[in-house]
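Read the structure below first, then the notes.
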Amino acid sequence: MAEHSALRALVEAIGRGFVEFAPPAPRTSGDGPLDWPGYAEQRARAADRTDADESVLCGRARLGEREAVLIAFDFAYLGGSVGEDTGVRIVAAFEQAREQRLPVISLIASGGSRMQEGIRALQQLQAIARACLLARQDRIPHVAVLRDPTTGGMWAALGAAADVVLAAPGARISFGGARVRSVGEDGEDFRAEGKLADGQVDRVVDETDLPEVLTELVSLLHPTRLTRTPGPAPVPAALGAATLPGTGMQAVERARAAERPRARAYLDSYLGTRFEIGGDRAGGRDEGMICGFGDHEGRTVAFAAQTGSANTPAGFRTAARLIRLADQLGIPVLTLVDTPGAANDAASERAGVGPAIAEVFTAVAGASVPVTTLVIGEGGSGGALALAAPENTWVTADAYFAVIAPESAAAILKREPAEVPDLADHLRLRPQDLLELGFARGLAR
């Protein structure tokens, strides 16, 4: 019973007043659908050891001021494996979440599908994937916590399908378990830290910090806090220069100044609390693109903010992921534009920088929630324009926006460096020019 008590202690530490759901009627009896020798005895021993009749514990609990549905795996019960009855319980928990309009938190520790039940167990991946999809369509947020280990189908069908993915330090996370993957394949690529570096996990969180982190996420993403037709995010107040630049080159120099307020300063000023997500879920991260959710005067706002660097494909894909998720949940979006342009090196080309930028253009164009943009620094060509909201882009006095940087314009036109300031004027890239040309809706004050 010690193992099960440890799981209940974790569940009760995360959520107060945990109440377990009544499990659906069991479908598996005896030695199971394959008549696997000794399977009934294996399950009986697991039940005696854990004081549980299955590998998942499902119920609802209160996190802070709001409730959530918890799905917790017990690795002590047949390695947290998923059989037919396990899958039915997980699907039923998602149905409860949809009916009660509660977010889902999956605490996963699983070795994958239960081989003693064969294809009947494997089929549960389809049922669980569909349950995740239906929850997403009903605007129910899903947060997964990947514990040690999370492998096989529960990584692919449940963990990776979540809107936000957290992981325990050092947790083994992989589609193939250690006993079945290629000989010698191991190391950080199969651990939480490697998955974080590869953009597949949003944050690595110590167990002691989980209650606070999950409570914050539930507060920001709870369906009762969100509306189907949210108003636009208000334009942040300008933090930098109060006067407009006199020349195009002055505008460029101001935007490039090291002392100018950057994205984190704006986010600190605009949001009371915030939770950052990171990674494109496809193998990359870009620290130059800050994405997440925060509280602005009692409202949840999603943000995608450039930090002044040339963004990589991973950065653009992360921004697109954030905008799509906000649209799914009904959260208004704020984008902060500040980049000299997209990364244009060979590595970025191989990683698909063009398609990645296209993803952001498409996400912004297709969003049903309002998108508000503030240009806080450099607005370098398409890498900046992808994040800009048509007809709702605002500009600070120490920013500019241009089809191309004046130095690059000089190189293309085969002009001397001394002619760069003149080209900056011709590009009409100053904040007041952007307003007069109809690109900017207004100047932030």
| query | Hey, among the residues in the stretch 184-225 that are in a helix (DSSP H, G or I) and of a type in the set (Lys, Arg), which one's nearest to Ala68 (Cα to Cα)? | reply | Arg225
| field | Verdict on Phe293 being of a type in the set (Phe, Trp, Tyr), within 30 Å of Gly170 (Cβ to Cβ) and outside the structural domain of Pro141 (by TED's automatic domain parsing) | value | yes
| Quick check, is Ala52 at pLDDT below 95, out of contact with any Asp or Glu (no Cβ under 8 Å at 6 or more places or on another chain) and surrounded by fewer than 24 Cβ atoms within 10 Å (Cβ to Cβ)? | no
| task | Say whether the condition of being surrounded by 20 or more Cβ atoms within 10 Å (Cβ to Cβ), within 15 Å of Met154 (Cβ to Cβ) and charged (D, E, K, R) is met by at least one residue in the stretch 57-75. | result | yes
| query | List, please: which pairs have Cβ atoms under 7 Å, are six or more places apart or on different chains, and start with a residue in the stretch 325-347 that is closer than 23 Å to Ala251 by Cβ and end with one that is among the basic types (Lys, Arg) and not in a loop (DSSP other than H, G, I, E, B)? | reply | none
| query | So which residues in the stretch 341-359 are of a type in the set (A, V, I, L, M, F, W, C) and either closer than 20 Å to Pro236 by Cβ or in a loop (DSSP other than H, G, I, E, B) (or both)? | reply | Ala342, Ala343, Ala351
| field | Answer residue from the stretch 423-445, given it is surrounded by 15 or more Cβ atoms within 10 Å (Cβ to Cβ) and among the charged types (D, E, K, R) and is farthest from Val337 (Cα to Cα) among those | value | Asp425
| Asp345 passes all but one of (1) touching a Pro at 6+ places or on another chain (Cβ under 8 Å); (2) surrounded by fewer than 24 Cβ atoms within 10 Å (Cβ to Cβ); (3) farther than 19 Å from Asp163 by Cβ; which number fails? | (1)
| said: Restricting to the stretch 90-110, name every residue that is crowded, with 24+ Cβ neighbours inside 10 Å and not aliphatic (A, V, I, L, M). | reply: Phe94, Pro103, Ser106, Ser110
| field | Pairs with Cβ under 6 Å, 6+ apart, first in the stretch 134-155 and at positive phi, second surrounded by fewer than 24 Cβ atoms within 10 Å (Cβ to Cβ) and in a loop (DSSP other than H, G, I, E, B) | value | Arg139/Gly330
| query | What is the one condition in (1) surrounded by fewer than 22 Cβ atoms within 10 Å (Cβ to Cβ); (2) farther than 30 Å from Pro230 by Cβ; (3) not aliphatic (A, V, I, L, M) that Ser368 does not satisfy? | reply | (2)
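The values are calculated or read from the model by the stated rules, or taken from the named source; none is laboratory data. In this text the structure is predicted, and so the values were computed from the model without any measurement. Here the Cβ is made from the backbone with ideal geometry for all residues, glycine too, and neighbour counts use every protein chain on show.
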